[in-house]
1. Considering the range 156-180 alone, what residues qualify as being in a loop (DSSP other than H, G, I, E, B) and under 20 Å from residue 250 (Cβ atoms)?
2. Does the range 192-211 include one or more residues that are surrounded by fewer than 24 Cβ atoms within 10 Å (Cβ to Cβ) and within 30 Å of residue 314 (Cβ to Cβ)?
3. Residues that are modelled with pLDDT under 95: list the helices (runs of 4 or more DSSP H) wholly contained in the range 231-345 that include at least 2 such residues.
4. Test of understanding: among 78, 88, which residue is over 25 Å from residue 235 (Cβ atoms), touching a helix residue (DSSP H, G or I) at 6+ places or on another chain (Cβ under 8 Å), modelled with pLDDT under 95 and assigned by TED's automatic domain parsing to the domain that holds residue 333?
5. Of the residues 63, 55, 97, only one is within 16 Å of residue 250 (Cα to Cα), within 23 Å of the chain's Cα centre (by Cα), surrounded by fewer than 21 Cβ atoms within 10 Å (Cβ to Cβ) and at pLDDT 90 or above; which?
6. Restricting to the range 136-153, and then to whatever is in contact (Cβ under 8 Å) with a residue 24 or more places away in the chain and not in a helix (DSSP H, G or I), can you tell me which residue is surrounded by the fewest Cβ atoms within 10 Å (Cβ to Cβ)?
7. Counting only residues that are at pLDDT 90 or above and exposed (fewer than 13 other Cβ atoms within 10 Å of the Cβ), how many does the range 1-46 have?
C-alpha cells in the first residue's frame, strides 16, 4: 500500500507542531502579598530586611516619630475641643498615626493630597495651620486653607468622590509633562462606593500617577469589614483594573513608609496608579456623635492598643540609638506647646459672615442662589435694625 503525503501529514504526531506561546498571567505583578508587609514586630523588634521594601533612612523615621507624636497630641486636643463645643464634629484618627504621617512623608511638597474628613492629622503633618485644618469642622468656612497653595484638596465628606478628583488632577499634570503624584486617602467603607471603582479604572486606563491609599480600620462607621467585602483583602480590588496593589501592616511605621515610597515612585515613573491597603484600627469612635460600644467590645480595642504605632517606632529608634530620654521629652514638650497654642487660638470667637455661604458655590451665581442671598441679606439688615431700636 502506497502512503500519500496527505496520510503522512495526518499521521504526524501533534507534538511535532510548534509549541503555542504561553499566555502571560494577567495577575503577574498585580496581586499583593498574601500577608501584609511588616518590617517591625508589634513590640518594635526589627524583622529580617527585605529586598522588595528596603527600610527608609533612619533620619526619615525619626522625623516620622516626631510628627506622629505631635499629630497624636493634636488629635487628642481636637477631640477635647469638640467636647467643649468649639468644634461641631471631629473624626479622630488616633491609632492611625503611621498611615497619616507616612503618607505625607512619602510625597513631595509639589505632590497633591486628596483627604477625607478623617485626615486632619495628615494635613497638620503636611504643615498646614491646624486652625485652618479645623475650620471646616468648626463650620466657619468651606475650607480653611488655600488648596492650590498647599497642593491639598479640601477635606472630602462624601465617600470616595476624591478618588475621581485625584485621577483627573493626576492625569492633567501628567498630560502637561509634570511628574506630580496625587495620593487619595480612602477608608475601607469607601471601597464599596462607585466613585472608588470609577476613579481607579480611569487612572488605570490613562496611567494617571495616583496612589490610592486605603486605611482599613475595620469599620465603615459601624459596619464591619466582613459585611463590606468577600475579597481576601481590599488590596485585591486593584487587580480587576490592572492596578498593582500591596497590603501593609498599617501600625508598622517603618513598613508603611517603605511601601508608600515604592508606590509613589511607581506612579511618578509613569507606570500608572498603585493601590495600597493598610491594616490599622480606629481607637476612638467614628466621631463624637458615635457610640462605638454598640458594635465593638473593649477586648477588641485593647488588643489593638498593644499594637500602638507610636510606641512601636519609639522602641525601634531607641534600639538604634537615634532616640533617648532627652529627645523623647523634647518632642513631647513640642507636642504640648503645639496643643496649647491650638487651644488658645480655637477659644477665640471667630468672626463669620453669613453671606459667605453663597460664595464659591458657582462661578456665576444662579438666579435661585442670588434670590436666596438677598433674602439672607434682608434678614440680617432687619435683625440689625431691631438691635438698634432696642
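The values are calculated or read from the model by the stated rules, or taken from the named source; none is laboratory data. Just so it is clear, the structure is predicted and the values come from calculations on it, not from any experiment. So basically every Cβ, Gly included, is an ideal-geometry build from the backbone, and we count neighbours across all protein chains shown.
1. 159, 160
2. There is no residue in the range 192-211 that is surrounded by fewer than 24 Cβ atoms within 10 Å (Cβ to Cβ) and within 30 Å of residue 314 (Cβ to Cβ).
3. Result: 298-305.
4. 88
5. 55
6. Selected residue: 139.
7. Number satisfying all stated conditions: 4.
Each row is one residue, and each column tells you yes or no for (1) under 21 Å from residue 261 (Cα atoms); (2) in a loop (DSSP other than H, G, I, E, B).
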| position | (1), (2) |
| --- | --- |
| 42 | no, yes |
| 48 | yes, yes |
| 54 | yes, yes |
| 65 | yes, no |
| 70 | no, no |
| 73 | no, no |
| 81 | no, no |
| 91 | no, yes |
| 103 | yes, no |
